[in-house]
Amino acid sequence: MEEWRRDFHRHPELGFEERRTAGIVAGLLRGWGIAVTEGIGVTGVVGSLTGTRGTGGNRAVALRADMDALAMPEATGLPYASEAPGQMHACGHDGHTAMLLGAARWLAANRDRFGGTVHFVFQPAEESRGGAARMVADGLFERFPVDAVYGLHNLPGLPVGTVAVPKGPVLAASDTWEVTFRGAGVHGARPHLGSDAPLAAAQFIAALPMVVAREIDPLQAAVLSVGHIAAGARRAPNVIPAEVFLCGTARSFSEEVRAHLEARIAAVAHGIAATCRMVAEPRYIRRISPTINRAEQAAVAVRAARAALGDARAMDDHPPLTPGEDFSEFLAQRPGAYVFLGTGDPAHPEGVHHNPHFDFNDAALPHGAAFWCGLVEQELA
């Protein structure tokens, strides 16, 4: 698994471009006698394996690993550092792919440990490119019917090899909002002759935290952040521009809160624009739905972690996190659960996701593979 992982790390590929990675995955699976289907969701791969133990019946489960890298340069200096300029595995998907391959190899050699069918789903384009939705649209669950689907992600900050299973919400909805304020540009020395779009934008930015602080139930959670502002010309500081564009991110854990954020961003923008004698053009783009575990599958995952790794390495609860994850597309189709695998101390840059110094901790590989095998035994034995 370490050899596979480091090879993937050396040769990262962006979403829907994972042809080398997918080819290696497919070749390994076939070599172990696993039926392989390629090209699902452009570059996705599904390996299907049926056990020989009689109690599994017709039940089937899917295990998912993501394969894509991020569009960012690597600064680790490792012997197996990225050879692709501007691309790197900065979120550990190289480790996810290697662990699921390890589990597939073991299960293929131990088919008498389970009955029914396990589908190993190697997904492309998790990093905000819609890989899960593309696989679903390509008929993933019609072509490979399952009773449950499971996903796993590495998590710095948890002890190495610990599996943590959140109850209910796991990861947030990840949406994008945009607002354009259109006023009347004017000389900066005579503001009364125009309408000040930057002033409206400033009031809007100041008002956003109030939506979360005073309109969202304190027992819920939400985030509204501004990520980009564009206005005016740097060489013309004496001109009040006629237009300001802002955009940012919105995070939430329920559809009710999500809908409230969408409505209130528009209402606040229109209200401030009216006060400042201009117009606002808000837009809310729903990108990734919240990832929410089903209680039954979360309980199965906890049992699998305890059986495979021991009670000390199994956490039956974990607070939700605000990043987004398109595994939610799978959970919208089938019941399932998403778990975290501890990879150790995040105090150093190599332990922080989406950081140019990040490197997956190979010490977690056998624990992740063991969890996957234990999960199959829990579900299908």
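The values are calculated or read from the model by the stated rules, or taken from the named source; none is laboratory data. Since we're looking at a predicted model, the values are computed, not measured. Cβ atoms come from the backbone with ideal geometry, glycine included; neighbour counts cover every protein chain shown.
So the values come out like this:
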item: Output for segment 265-285, where each listed residue is under 31 Å from the mean Cα position of the chain (by Cα), outside any strand (DSSP E or B) and buried (at least 19 other Cβ atoms within 10 Å of the Cβ); result: I265, V268, A269
item: Identity of the residue in segment 161-196, under 35 Å from the mean Cα position of the chain (by Cα) and closer than 18 Å to V268 by Cα, that ends up surrounded by the most Cβ atoms within 10 Å (Cβ to Cβ); result: F181
item: Residue ranges of strands (runs of 3 or more DSSP E) in segment 139-246 with at least 3 members within 24 Å of H260 (Cβ to Cβ) and either out of contact with any Leu (no Cβ under 8 Å at 6 or more places or on another chain) or hydroxyl-bearing (S, T, Y) (or both); result: 173-182, 222-231
item: Failed item, numbered, when N355 is tested on (1) under 16 Å from the mean Cα position of the chain (by Cα); (2) at pLDDT 95 or above; (3) surrounded by 17 or more Cβ atoms within 10 Å (Cβ to Cβ); (4) over 24 Å from G51 (Cβ atoms); result: (2)
item: In segment 247-264, the residues that are hydroxyl-bearing (S, T, Y) and either over 24 Å from the mean Cα position of the chain (by Cα) or not in a strand (DSSP E or B) (or both); result: S254
item: Single match in A242, A301 (criterion: in contact (Cβ under 8 Å) with a residue 40 or more places away in the chain, farther than 30 Å from I205 by Cβ and among the small types (G, A, S)); result: A301
item: Residue check, R306 out of contact with any Pro (no Cβ under 8 Å at 6 or more places or on another chain), surrounded by fewer than 21 Cβ atoms within 10 Å (Cβ to Cβ) and over 18 Å from A103 (Cα atoms); result: no
item: Yes/no for R111 being assigned by TED's automatic domain parsing to the domain that holds A35 and either closer than 20 Å to D326 by Cα or buried (at least 18 other Cβ atoms within 10 Å of the Cβ) (or both); result: no
item: Subset of segment 88-98 that is out of contact with any strand residue (DSSP E or B) (no Cβ under 7 Å at 6 or more places or on another chain) and in a helix (DSSP H, G or I) - its residue that is farthest from L29 (Cα to Cα); result: D94
item: Segment 223-253 - residue that is among the polar types (S, T, N, Q) and surrounded by fewer than 17 Cβ atoms within 10 Å (Cβ to Cβ) and, of those, farthest from T176 (Cα to Cα); result: N238
item: Those residues of segment 254-264 which are in contact (Cβ under 8 Å) with a residue 24 or more places away in the chain and either more than 18 Å from L224 (Cα to Cα) or surrounded by fewer than 16 Cβ atoms within 10 Å (Cβ to Cβ) (or both), in sequence order; result: E255
item: Unique match (being more than 30 Å from E379 (Cα to Cα), at pLDDT below 95 and not acidic (D, E)) among P218, P209, P237; result: P218
item: Positions within segment 59-73 being out of contact with any His (no Cβ under 8 Å at 6 or more places or on another chain) and either touching a residue at least 60 places away in the same chain (Cβ under 8 Å) or hydroxyl-bearing (S, T, Y) (or both), in sequence order; result: R59, R64, P73
item: Members of segment 71-100 that are among the aliphatic types (A, V, I, L, M) and crowded, with 24+ Cβ neighbours inside 10 Å; result: M88, A90, A98, M99, L100
item: Where D68 falls short, out of the listed (1) part of a loop (DSSP other than H, G, I, E, B); (2) closer than 16 Å to V376 by Cβ; result: (2)
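Okay, residues lined up against (1) in a strand (DSSP E or B); (2) under 30 Å from A75 (Cβ atoms); (3) touching a Gly at 6+ places or on another chain (Cβ under 7 Å); (4) modelled with pLDDT of 95 or more:
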site: A298; (1), (2), (3), (4): no, no, no, yes
site: A301; (1), (2), (3), (4): no, no, no, yes
site: A308; (1), (2), (3), (4): no, no, yes, yes
site: E329; (1), (2), (3), (4): no, no, no, yes
site: P346; (1), (2), (3), (4): no, yes, yes, no
site: A364; (1), (2), (3), (4): no, yes, yes, yes
site: H367; (1), (2), (3), (4): no, yes, yes, yes
site: W372; (1), (2), (3), (4): no, no, no, yes
